[in-house]
Structure formats: structure tokens, C-alpha cells
Amino acid sequence: MITQVALAIRHLRKHKFYTFINIFGLATGIAACLLLFRLVYFEMRFDMFHKNADRIARIITEERDPSGGLNLTSGSALPAQDMIQNTVSHFEQFARVRSNGMQVTAGQGTPLERKLNAEETAVYAESSFFRIFDWKWLAGNPDEVLKTPGTVVLARNIADKLYGSWANAVGKTLLLDNKTPLIVQGVVENAPPNSDFQIEVFVSYETFKADKSLFGYNPNWGSSSSNDHVYVLLKNKLDFGAAEALLARVGQEEYRNTNSKKIHKLQPLSDLHFNSDLDTISDHTINKSRLFILSLIGLLVLAMACFNFINLATAMVVNRSKEVGVRKSLGGQRGHLIRQFMSETVVIVTFAAITGALFAYLLSPLLKKISAVPDDLPFLSNPAVWVFLLVVIVLVSVLSGLYPAFVMARFDPVAALKNNLNTRSIGGISLRKLLVLAQFTIAQALIISTLVALSQMNFLRNLELGYQPELVYNVWVSPDSAYIGKYETFKQRLKQLPGVESVSFSSDVPGSFNTWSGNFAFGLGSDDAPFGTSFKFIDEDYFETYGLKLVAGRELTQSDTVREAVVNETLLKRLGINNPQEAIGKEMRIGRDNWIPVVGVAADFKTSSAHEETQPMSMFSRKSTYFVTGIRMDPPSMTKTVENIKTVFEETFPDQVFDGQYYDEYIAEFYEDENRFSSFCQGFSLLAILISCLGLLGLASLMATQKTKEIGVRKVLGASVAGITGLLVKDFLKLVLVAIVIASPLAYLFMEDWLSDFVYRTPIHWWVFLLAGLLSAGVALLTVGFQSVRAAIADPVKSLRSE
Amino acid sequence: MLELKDIERCYTNGSSKTYVLRYVTANIQEGEFVSIMGPSGSGKSTLLHILGMLDAPTAGAYNFLGEPVHTFNERKRAELYQQYIGFVFQAYHLIDDLTVYENLEAPLMYKKVPAQERKSRIADMLDRFNIVAKKDLFPEQLSGGQQQLVGIARALIGRPKLILADEPTGNLQSQQAHEIMDIFQKLNREDGVTIIQVTHSEENARYGNRILNLKDGQLQA
Ligand SMILES: Nc1ncnc2c1ncn2[C@@H]1O[C@H](COP(=O)(O)OP(=O)(O)OP(=O)(O)O)[C@@H](O)[C@H]1O
Ligand SMILES: [Mg+2]
């Protein structure tokens, strides 16, 4: 065994070039595969660590809208939650969790230093939450906490931040939204990274119920916020169906009265991370099909690396035929020979796996470009990674070593001894062609996908939005009675800053993730329109600040309440009104509100991302729902201006946490997923091309050495360098062309599917295929051509003499 | 021990057939020392390969130790190579990746000879053929004659009962050639080893007790 490995290493050192190509190619493939494995493993195992994971579910709401579409909401109406708790008997535990913007303040120092914005990660939760999910308790008793108003449990990092060390936290008081005192009852360890419950502050649900008006408790059946979650622990995991049957009956009468078709369902915990139609508390979901594609591409890249190995090994067989013949005449059996060649393979693959793990380690930062994994994603500390590496070594050794080993061991000894074997007579030449073909097909498909993804990203960058986000900075404000009085001061002080052009308050930015919508009627006394309208509340400076355009009428005038309306072109078109001028002066109303006049028609702008159609939109003024400040700035010195904005904010709202962002960064978040996909394609098409070319390089050089004599003779007979090069290159080029023909339609279908997610999208241009083809043909030509020319210009006398 | 009956070996090249061996019938008894002679291209090596079961006749019957060779499977043949036959190739055919020492060791490994005994046998062979100093060199670092010596040593080291040698002394100086022939003769006389050698030299042929003459693929009476 040891001697076999030593022999194998000696053989590999003797053929350094092929060994290098093999190890480097396999290592690259293994590295890519390993990176994706870590990603997929991480994503696949979200929240599976909870002891009762298979019995945990969330109650969701499914609504059928008038046009027949299904809308899913991760929350449910508050009265429905009460009814469910009282009527469905299959739940062992029932926990309301409300995630809502909050701010907590505590600790020492100036008010500004003590503030902590826990907006993203603070929830109101019922005590039972901790009996459904497993949290590691550092302090406090899980059975006792969160039972009364004014209590809170903190996660370790926030307790450390507020009190220096979590050990000091219990018994301390902190302030919720600068008003309500909360006593710290316990500290839990931070949620592990593979959890969708990255919660740092658990305020008792009783706190929320104790001051319903302050926290916006909504007792209506008609509203259902995606923030009002209910998690349940079923008594028996087989009860899902029975529980859902009971759930389906809840609130049916009430919903009919509010004119909506809603039904409640259970979403198993195992679905939470993979269902992008429903929010989670941490807001990070990923489709299983995406994970499948990632895994598939990882495996394909690894397969490509194996193909290289097989190709080179079978091509090298010729050089080893004599050895096989002699060993057989000395009594070596097929088994011996297979073992010998396999140990060479295992040595190569093991080296490659080690190198690959190193590559993967070095390339880990790139994972962030293609996914939402945390920085400290475990690597070698994860036993699954070791198992994976081991499986890869075994699998790759078997897949790539076995075939060449069998080919060699099968040799007829005399033919082998006489060196009468050539690449042709061994067979396998068609296999080799097939494998090269497969490699180039994969590479080609990836290149096409990359080009299409890039051209869509470019399309999105140049998409006519109908508004101008580039120079706008947004600051979030709170229309709370304590602060709303300072809005005007804030606006005036901002306007006086150098570099600020205009300032506007509104409920939302023009193109946004959020939608706020409802029924409306158009034309005094008419019934509700058969479709809803989105709405935004905006002040008189909105159009100027965001660069919106009017096509008829005028903008809204200054008003703190709803007085008049501006609608968009889409709304009119859907109503059948073709001349915007006709709409001016007509009356409209939202829900059962007052009738108000339409004073203007806005040119259409993209109301959300390019994934969605522009919505019918109505805009009104109403100060009490202005959540966001838009500030248009002058291009130079924007960073300085933003600093000034921050200062003004903190002086105006001393106990509010500053929360600001460039608007175009916000818009970039629309396409985070697509950007990741595009980076992924870029990375992996490069990889695919690299691996294919390594294989070609090896094959071409082998072919060139094996044909040295033939080339020498041909040259003596008068063949030109170009002629000989052409002879060698022709075969490979043919393969690349066939690969283009196979890959193009596949990539086309795949990318059409990808693009179908967009309402606004680029067509797939024919030149994409041409460009991709030229690219891979070019690279192949370079690789093979280099070797071929070298062979072709070699001195013929030398090559003949050496024979 | 070896019975050949109407052995024929031909190559087809396109539509034309060339016979390399034809109507070869011979019997070789255990303990014989046979020399095969004939001009270049007459089929000597081919015959030796067939005798050694490295090549198969296209027609005719060949019995090895009384059993028809075509019924042997791979394992049976490998066993015979390990236990019974030693080969000396015309073109030496040492394994390029292995040192002289390892080339000698290879057949013993297949034969599963224990490590200690391997060592002493190899030392013995190196000594006998005067190549102790070369034991760690690779074949490409040896002269043609030295390679031939290693090839012979490798054939003898497994203590075979049948030695098939294809011009074993073709590259050796005549003094060395005599020494090799002496060794062969000694093995043949004292240990009863059956030897079949191909040779061009009348002198070497005289060491044996029988000569088979090949011409154009046929045995001459
Ligand atoms: N693969 C093959 N295809 C066609 N003919 C072959 C092949 N191999 C050998 N021959 C022919 O078989 C004949 C006998 O070859 P062999 O090697 O047995 O000759 P030899 O008697 O050993 O000659 P030498 O004394 O030169 O070693 C030769 O004429 C050769 O051309
Ligand atoms: Mg010969």
C-alpha cells in the first residue's frame, strides 16, 4: 500500500504537467463545489435545530382578490387570532408575535449615546414563544418571563451593548419609544446564524395589549398586517390537516362582512425559509429551486473537472501501454493493475481536495457576492464539510479513475508491448470527444446566461423610472404626536443647508417595496372601481424632490389633511379614460372616505421594482402618515451634506435614532437577488471556461507529443506550419461548434424563465449567442493553437531521430 | 509439456492476409533446452509470444501442460506467469518508472514472496549479474547491455520452471554472452528448468539440445 502510493507519487512527479493540470482542475472544481455546499448546507438547515421543529407552524392568511389572484400574508387579523386560540384545539402552545418598529433606550451617558434602534429585531412576544422555540437562557427563567406588561427579554449582544455585560442586565429598566418603561427579566443567547428569528428584544405582548391606542392595536377583521404573526406548537405532528380544517372555518362570516375572501392556513416551520411569498422576521428567504440550481451547477463544475481527468488519463494510456504489457507478463493481474492506477488517482484527488479546500477558504469572501450568508459561516469547524470532502474524494476517484484504469488493465499484452497501441486503437476517442463536448456545452450555457443576466442588469440601470432617485437622500421620521410638530422646523432647517435643493415629506418613496392600497370610486356617486388603487401621502414638494412629471392639471397644494388628489395615467387607462385632461375636476374617494377633487394627473412612474407592473396610483396629502423625508442634493459634496442632515436631525429630534439612506441604494436592493445571480453566473462561467481549457490544454499537448513523429514526417514532406496547426486545431473547433448548437437553446429556455420574473425586461438578443460562441471558440483556439503551433514548428529532424 | 499443432498466426490488413506463422507443429518436453533460429521477420518472436500466451494463435491447437491454452482465463494465466514462466524480452521491456531494484522486485511482489526473502533474492541476483552498483538507477540511466542483464535477472528471480528468452544476449559482448548461456545451461541441467530461447548465433544455439528452424513462418525440418 505504502509502496503503491510512493510509486504513484513518483509517477505523478515524472509527468508534472499533466499532474498539474489534473490537480489544478480538480482543485478548482472541488473548491467551487465546496463553496456551494457550504452555502446550500447553511440554507437548507434553517431553524431545524429546534427540538420540536416538526411540530411548529405559523398561522398565515390566504386572500383571494377580486381578479382571482391569491395573496399570502404572513400575519393575521388580531380578532382572528383570538378566535383561533379559542376554537382550534390541536395546539399545545400558541404564541402571538408582533414585529413592529420600536426604539429602546437604556444605559448611561447622553441621550444620543443611550439610544439604540431596535427596529429590525424587536418584537412583542407572548411568553409561550419560548416554549415553542428553543433559546439558550443565560439569565432568567423562561417559564416566568413576559407574563406582565412592561417586561422584556434581551438577546446577549444587545444586553452586552446596553449594560457592558449581559450579567448586569436582569432587573434593569429601559424605555420603549421613550415612553414606556420595561424591566429586563432575562437574557438569551443570540440566535444562531441559521435561524429566521434574529430577534434581539422581546417585549412582552402584554405591554402591547395594555396600551392599545398607543401602539396601534387594530381590532378590525378587515385589517391584516403581515407583522402580526402567530406561531403554534401542534400536539401531534400528524394534526396539520385536522388543524387546518378547523382554521378554514375561522372568521368566514366576519370576512364576508368586510367583503373579502380570506382563509387561514398553517405554514410548517420547515417551509418558512423557502417561501418567498411570505415574510419572516429576519426577512431572508431563498427558493428551493434556486438552491437546486446552485447545487446542480456545483456538481456540473465538479463533473467537468472529472471529465478532464478521464480525458487526460485515457489519452496518457498510450504512454503506459508497455508497462501494462510487462506487468502482465510478470504475473500482474487485472486487479493488481487497477489497484495501481487507482492509487495514482486517489493520490491526485486527495492532493486536489486539499488544494481545493484551501482555494475554497481563500475564496470564501466571494460567497457574500452570490448569497446572503453570514460572515462567520462555519468552514472546517463544520463536520459536514469534512464528510463532504471525504465523499468528494471517494466519488471523484471512482468516477474519474475507474474507467481509465479498466481501459489500461484490459490491454492485450503483445499489442501493448509492441507499442502498437495508439489513441485510436484503444477506443475511448469518442468518449473523450463526448466529454469535451459536454464541458464546452456547460461552459457555453453559463456564458450565455451571464451575458443575458448582464444585459438585463444593464437594462435595469437604464430603465426609465419616471422619477430621479440619483441625488435623493432619505431620512425616516416618526409622525408621532411628540415629533410631528417639529416637521416644519426640520424641513426649513434642511432647506437652509448648502447643497440641499428641495425637501419633501411623504408616506413612501415613489418606487418602493411597500404597497398601501384600497378600493376607490371615481366620478361623484359611482360605485367602487373593479380594481384597487395604491396610494401614497405626499406633500407639495414631492414632485420636485423626486423629479416626477405631470401630464395634466397641477400638483397638490400644501395641506395637512386629505383635500385633493393626483392620480397616475395607469389608473385612468384602467378606467378607460384616455384623455388625462378629462379627469381634472372629477371627484374620487378611497373606501368610505369623503369625495375629493382630482387636481392633477401624474405621468406614469415605476411604482415598484421592474418585477411588477406599474400600479394605479392616487396621491393625497396627510401629514400624520409622513414617514420619510426626501432630500434632493447638489452633486458635489454630497457626503458633507449628508453629515449636515444628520446633525440637523439629531438636533431636531434628540431622542430619535437617525436612519438614512441614499435612494438609489434602496433601489439597488430591489435587484439584490438578480445581482447575486449575475455574479454567480460570471464566476461560474469563468470557472467552467478555465476548467474546459485546462482539459483542452492537456489533450492538445498530449496529442502534439504523440503525433511528433507524424508531424516530423509531414514537415519533411513539405507541409507548412499553418497546415499542421490547422490539422490539430480542426477537431477541437468542431466540438466547440457543436457545443454552441446544443447549449444555445438550453440557455435560451433557462434565461427566458429567469427573465419572466421581470415585467420590464430586455429581449434575448441573437448576438448574445454569437458573442458567447466567439468567446469560447476563441479561448479554445488559443489554448489548442498554442500547443499545436509549438508542435508544428519543432525541428523535424530532432523529432524523427528520437524515435 | 508444450504441444503445438498446426499453429497459425496471421494479420489482416484491409483485404490482404499475411501469415506470420503457419503449420507450426512441435512438441517440447519438460527439461528441454530449445533454440529457435531463423532470419529476421521469420516469426520467432511471434512464436515465443504464443508459447508464452502473450499472443493467441489465429488457428491451431496449443496445449500447455496438457491443457488447451484457449480455455485459460486471465487469472489462470497470471498465476502461471507468477509461478511457472520467466520472460526475457528482445527489447528488454524494463518498467521505466521503477529502479533496477524495483524492477527485480516486481515479479516477487506478484508472487507474494515475503519481504525478507525478496531482499536476499534480489541481492543475490544483483551480485550474480554484477550490477549491485546500479540498483538504484532507472532503466534510462543504463546501457543497452545493462538493461538486458536486468531483464534476464528479472526473468530468473522468480525461479521459473520455463524460461522464454528472446535473443537474451543480443546486446552483450561475447564473454558475457557465454556466462549467461552457462547460467541457462546450469539451470537446465541441475534444476530441470525448461528453456526456449530465440537466437541468431549458432554458438548460443549449441548450448541447447534441440534447434527449431523457422523460415517464412514455417518450421524447417
Ligand atoms: N501488428 C502486426 N501487423 C502486421 N504484421 C506484423 C505485426 N506484428 C508483426 N508482424 C509481422 O510478423 C512478422 C514476424 O515478426 P517477428 O517479430 O515474429 O519476427 P522475428 O522473427 O522475431 O524477427 P527479428 O529477428 O527481427 O526479431 C514480421 O514480418 C512482421 O512484419
Ligand atoms: Mg524478434
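When the criteria are applied in full, A:Phe351 fails the requirement of being within 16 Å of A:Phe309 (Cα to Cα), touching a Pro at 6+ places or on another chain (Cβ under 7 Å) and more than 10 Å from chain B (Cβ to nearest Cβ). Please determine whether any residue of the range A:369-380 is within 11 Å of another protein chain (Cβ to nearest Cβ) and surrounded by 21 or more Cβ atoms within 10 Å (Cβ to Cβ). No, the range A:369-380 has no match at all. Tell me yes or no: at least one residue of the range B:54-62 is away from ligand 2 (no atom under 16 Å from the Cβ), within 9 Å of chain A (Cβ to nearest Cβ) and more than 18 Å from the chain's Cα centre (by Cα). Checked the range B:54-62: no residue is away from ligand 2 (no atom under 16 Å from the Cβ), within 9 Å of chain A (Cβ to nearest Cβ) and more than 18 Å from the chain's Cα centre (by Cα).
The set of residues in the range A:591-608 being out of contact with any Asp or Glu (no Cβ under 9 Å at 6 or more places or on another chain) and modelled with pLDDT under 85 consists of A:Arg592, A:Asp593, A:Ser608.
Residues considered: B:Gln146, B:Gln116. Of these, the only one that is surrounded by fewer than 20 Cβ atoms within 10 Å (Cβ to Cβ) and away from every other protein chain (no Cβ under 13 Å) is B:Gln116. Before we move on, is B:Ser40 over 19 Å from A:Gly331 (Cβ atoms), in a helix (DSSP H, G or I), within 16 Å of ligand 2 (Cβ to nearest atom) and of a type in the set (Gly, Ala, Ser)? In short, no. Checked against (1) of a type in the set (Lys, Arg); (2) in the same structural domain as A:Pro79 (by TED's automatic domain parsing); (3) in contact with a helix residue (DSSP H, G or I) (Cβ under 8 Å, 6 or more places away or on another chain), A:Arg256 passes all but a single condition, namely (3). Of A:Lys586, A:Lys536, all but one fail to be out of contact with any helix residue (DSSP H, G or I) (no Cβ under 7 Å at 6 or more places or on another chain), surrounded by 21 or more Cβ atoms within 10 Å (Cβ to Cβ) and in contact (Cβ under 8 Å) with a residue 40 or more places away in the chain; the exception is A:Lys536. Scanning the range B:26-47 for residues that are within 8 Å of ligand 1 (Cβ to nearest atom) and among the hydrophobic types (A, V, I, L, M, F, W, C) turns up just one, B:Leu47. The condition (being of a type outside the set (Ser, Thr, Tyr) and facing chain A (nearest Cβ under 10 Å)) is satisfied by just one residue among B:Leu98, B:Leu104: B:Leu98. Is it fair to say B:Glu167 is more than 14 Å from every other protein chain (Cβ to nearest Cβ), surrounded by fewer than 19 Cβ atoms within 10 Å (Cβ to Cβ) and either away from ligand 2 (no atom under 16 Å from the Cβ) or touching a residue at least 24 places away in the same chain (Cβ under 8 Å) (or both)? In short, no.
Scanning the range A:260-270 turns up no residue that is surrounded by fewer than 18 Cβ atoms within 10 Å (Cβ to Cβ) and in contact with a Ser or Thr (Cβ under 6 Å, 6 or more places away or on another chain).
Residues in the range B:3-32 that are away from ligand 2 (no atom under 16 Å from the Cβ), assigned to a strand (DSSP E or B) and within 19 Å of B:Gln220 (Cβ to Cβ): 12 in all. The residue that is farthest from ligand 1 (Cβ to nearest atom), counting only those in the range B:10-25 that are touching a residue at least 60 places away in the same chain (Cβ under 8 Å) and on the phi < 0 side of the Ramachandran plot, is B:Thr25. Taking the range B:43-88 as the range and being under 19 Å from B:Leu156 (Cα atoms), aromatic (Phe, Trp, Tyr) and part of a strand (DSSP E or B) as the test, only B:Phe87 passes.
The values are calculated or read from the model by the stated rules, or taken from the named source; none is laboratory data. This one's a predicted model, so the numbers in the text were calculated from it and none came from an experiment. Cβ coordinates were reconstructed from backbone atoms using ideal geometry, including for glycine residues, and neighbour counts include every protein chain displayed.
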